[in-house]
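Chemist: Right, I'll just put the structure down here and ask away after.
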Amino acid sequence: MKKNNTLYIKITVLLELILILICIFQSMVHEIHPNTTSLKNSVDMMDGWYDKDKKPVVLEPLLSNKSIVFGKTSSIFYDINDDIKPGMTMCFRSLSTNFKAYIDDKLIIEPSYYPSPFSCRSTGSQWHFYTFSEEDIGKTIEIKLSFFYNDSANYFENMKACNSNDYVINAITNKLSEIIVALFILSIGLFITIVGVYSKYNLNLNKHVLVTLGLFAITFSTWTLLESHIIELLFNVSQYVQIMACNMLFLLPLTILQFLRYIFDSNHHKLLNYTSLFNVFLFILAWLFQLTGLGDFHDTLYLAFISIISAGVICVIIAFLENKDLLKAKGRQAPSLEQNNYMKLTAFIVFVLALLIDFVNFYINPQKINGMFTRASSLFAIALCIIIAIKNIMTISEEFIHASALNKVAYNDVLTGLYNRTAYKENIEHLESQINPSTFLGFVVFDVNNLKYVNDNLGHNYGDELIISASNIIKDSFNDDSITIYRIGGDEFIAIIASSNAKEIYKLSSMQFKTNIHNFNNFYNKPYHLAIAEGASFFEGSTKKTISQIIEEADHIMYKNKGKELFVYGVKKEELKGKSRKAKIEFVVSSDFEMDNKDRNNLIFMIRNSF
């Protein structure tokens, strides 16, 4: 029944995940468009621009116009007509375009630019806003253009005259699908990475597969967030966003290749290693171009695409090779293994095809590229990988339970549940290594009387019961948070008090200890008498004695107390001195002590097994 319940839970979670993925995929394929009413009364300024010869100018991309030439400063113009009202704001986004916008001789807009070896040499993606005044109406806007790159990635986008607040909301809404997908993948990546790191360092389980999958998801989602260009709407960091986005593209294939090392057969690790080295080489080469000024990351973006394509092709090749091996070994492998390989093959074929589509689209129409197919395919691939990773997480859980059980056996006494001798020795070594002048410790040694007699005469079940009863009384009596109790032998226990108030804690615990033993012997009708001798000694960091010597002192005191425990019924030690064991027993039997038969038998019992 429990197994069926687990199956239903897994099916429910899987169905919910599929539903979420369908919704997100739908939002990506059928773009979430902003509400048209949010920009009502706006004026579209994408059309109406002209050059000095009065010829129309296209803003996407700017270098597609014959009158605008790379390497020269060009001007374009726009007449502010009566449709544009005072108070309206000219809003648009520019990419990699250096320009200055004027009305008459008044500079109204200029993108920020800071030359740096650690940023691309362009302005990146920036949002611009200028609110028209009454004097501006009827005049002409002149934009003087110069370009950083001789390609199609220089343009103005979505230029409108409208309410700036409505425009910002519209821009965010238009990127909502990208942001939702990115945040969804980012949350998955962070969760998987945390689980993987915890498994590796806290559970000592070598589960790199989760860490590498998480890093891939984080890298991909970060790139998607950067490419949404919403960050530049809030902060003036366009150049840094640009270089970070380019770097994420180089890191993306490296993270996925490292992830594949842990889900593909080890026979293919060499191929993955060589591909990883090739991608690292391309990344270093891009940085060398960047730092030497021979070309920035935008110029070497083709290297990132080569890196991604090579990684994707290798993934598909290895997935085919694994399935080829799988078909040869059909019937000899588990069905789940076959399913995993088919899932991997499907995921990576879809991923590489999407990369190829976006790669071609980038060179055909760079101003419109947003990596939609790559995002959709990556989400699909990550979802399939998560299903595979869930199996790893379940394996981790099983290994953790097994490791916990082994740890318990290694450091806990099976019979009493207390720490065992191994744990005791390790703690003593730890305490010895941490000694300083302020160290104060208490050691209480316990010895349970008559265990051998109980085992020999009443049976080992009663012997176990005697030890459990003794351990429970010790635990109940010495129950301060500073006390750790160990069973270090068959009938031997020791409590370590790690507190500056160890003596006071011991006095209170010892009083409770004696009371608990008395209550046990008087209120429980057991066929044996419980007697536990104890001795305590205390260690100070400033003393010259070692911990071992202090424990020996406690042990010596315990044996002295052991003798006292045997005469709680009024038998004087001197009366038994020099007598044989038989004579001692006869003396007790014949003596006229005020005790019932049970007490007399217990006393004989102690004498027989202790002297």
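The values are calculated or read from the model by the stated rules, or taken from the named source; none is laboratory data. All of these numbers come straight from a predicted model, not from anything done at the bench. Neighbour counts are summed over all protein chains in view; Cβ atoms, including those assigned to glycine, are modelled from backbone coordinates with ideal geometry. Areas reflect the complete protein model, heavy atoms only, side chains present, ligands, DNA and RNA absent. Shrake-Rupley method; radii C 1.70, N 1.55, O 1.52, S 1.80 Å.
Chemist: Let me know the shape class of the range 108-221, please: from the alpha-carbon gyration tensor, a ≥ b ≥ c as square roots of the eigenvalues, rounded when a/c is under 1.5, otherwise prolate if a/b is greater than b/c, or oblate.
Modeler: Working: a/c = 4.06, a/b = 2.30, b/c = 1.77.
Prolate shape, in that a/c is at least 1.5 and a/b is the bigger ratio.
Chemist: Distance in nm between label sites at residue 544 and residue 151, each 7 Å beyond Cα in the beta-carbon direction?
Modeler: Between residue 544 and residue 151, the label points sit 8.1 nm apart.
Chemist: Here is a further query. Check each of the chymotrypsin sites (Phe, Trp or Tyr not before Pro) in the range 522-561 and keep only those in coil by DSSP with at most 11 other C-beta atoms within 10 angstrom; list them in order.
Modeler: Numbers: sites: 523, 524, 528, 538, 539, 559; in loops: 524, 528.
Taking the range 522-561 and a limit of 11 other Cβ atoms within 10 Å, the loop chymotrypsin sites (Phe, Trp or Tyr not before Pro) found are 524.
Chemist: If packing is taken as the mean number of other Cβ atoms within 10 Å per residue, what is the order of 254-262, 142-150, highest first?
Modeler: On the way: 254-262: 22.0, 142-150: 18.2.
In decreasing order of mean packing, 254-262, 142-150 become 254-262, 142-150.
Chemist: Pulled fully out, how much extra length does the chain show between residue 310 and residue 140, if you take 0.36 nm times their separation in residues and subtract their Cα-Cα distance? Intermediate results must be reported in sequence, preceding the final value.
Modeler: Details: separation 170, 0.36 × 170 = 61.20 nm, distance 5.04 nm.
Contour length minus Cα-Cα distance gives 56.2 nm.
Chemist: To the nearest 0.05, what FRET efficiency results for residue 198 and residue 40 with a Förster distance of 30 Å applied to their C-beta separation? Working shown, then result.
Modeler: On the way: r = 52 Å, r/R0 = 1.72.
The pair residue 198/residue 40 has a calculated efficiency of 0.05.
Chemist: Then there's this: Which percent of the accessible area of the range 134-276 is formed by carbon and sulfur heavy atoms (probe 1.4 angstrom)? Present the calculation step by step, with values, prior to reporting the outcome.
Modeler: Details: 3440 of 5910 Å².
Carbon with sulfur: 58 percent of the solvent-accessible area.
Chemist: For the range 227-240, take each phi angle, set θ = phi - 60°, evaluate the Karplus expression 6.51 cos²θ - 1.76 cosθ + 1.60, and give the result in whole Hz per residue in order, putting x for glycine and proline.
Modeler: Coupling constants for the range 227-240: 6, 6, 6, 6, 4, 5, 6, 9, 9, 8, 10, 4, 5, 6 Hz.
Chemist: At 0.36 nm per residue, and after removing the present C-alpha to C-alpha distance, how many nm does the segment from residue 484 to residue 556 gain when stretched out fully?
Modeler: 23.8 nm
Chemist: Still on this structure, please answer the following. Counting only the backbone N, which residues of the range 104-145 are under 19 Å from the spot 7 Å out from the Cα of residue 51 toward its beta-carbon?
Modeler: Of the residues in the range 104-145, 141-145 have backbone N under 19 Å from the label point off residue 51.
Chemist: Here is a follow-up. Give the calculated FRET efficiency between residue 511 and residue 187 to the nearest 0.05, with a Förster radius of 56 Å applied to their Cβ-Cβ distance. Each step should come with its number before you reach the end.
Modeler: Numbers: r = 56 Å, r/R0 = 1.01.
With R0 = 56 Å, the Cβ-Cβ based efficiency is 0.50.
Chemist: Within the range 37-67, whose backbone N sits under 15 Å from a point 7 Å along Cα→Cβ of residue 81?
Modeler: 42-50, 56-57
Chemist: Can you tell me the order of 178-185, 439-446 when each peptide is scored by its average per-residue count of other Cβ atoms within 10 angstrom, highest first?
Modeler: Put in order of decreasing packing, that is 439-446, 178-185.
Chemist: Taking amide hydrogens as modeled 1.01 Å from N in the peptide plane, which residues meet the under 5 Å criterion relative to residue 49, leaving out close sequence neighbours?
Modeler: Amide H to amide H, under 5 Å and 5 or more residues apart or across chains, residue 49 pairs with 57.
Chemist: Between residue 518 and residue 503, what is 0.36 nm times their sequence separation minus the Cα-Cα distance? Round to one decimal in nm.
Modeler: Details: separation 15, 0.36 × 15 = 5.40 nm, distance 2.28 nm.
Gain on extension, residue 518 to residue 503, equals 3.1 nm.
Chemist: Summing +1 for each Lys or Arg and -1 for each Asp or Glu, what net charge is found among the other residues whose Cβ lies under 11 Å from the Cβ of residue 555? Walk me through the intermediate numbers first.
Modeler: Details: positive: 560, 562; negative: 447, 492, 534, 552, 553.
After counting each charged neighbour, the total is -3.
Chemist: Which distance in nm do the two modelled labels at residue 110 and residue 452 give, with both placed 7 Å along the Cα-to-Cβ direction?
Modeler: Between residue 110 and residue 452, the label points sit 10.0 nm apart.
Chemist: Same structure again: Pop the C-beta distance of residue 285 and residue 261 into the FRET formula with R0 = 25 Å and round what comes out to the nearest 0.05. Please list the in-between numbers first.
Modeler: Working: r = 23 Å, r/R0 = 0.93.
Approximately 0.60, to the nearest 0.05.
Chemist: Sticking with this one: Summing +1 for each Lys or Arg and -1 for each Asp or Glu, what net charge is found among the other residues whose Cβ lies under 10 Å from the Cβ of residue 537?
Modeler: Values: positive: 545; negative: 552, 553, 555.
Result for the neighbourhood of residue 537: -2.
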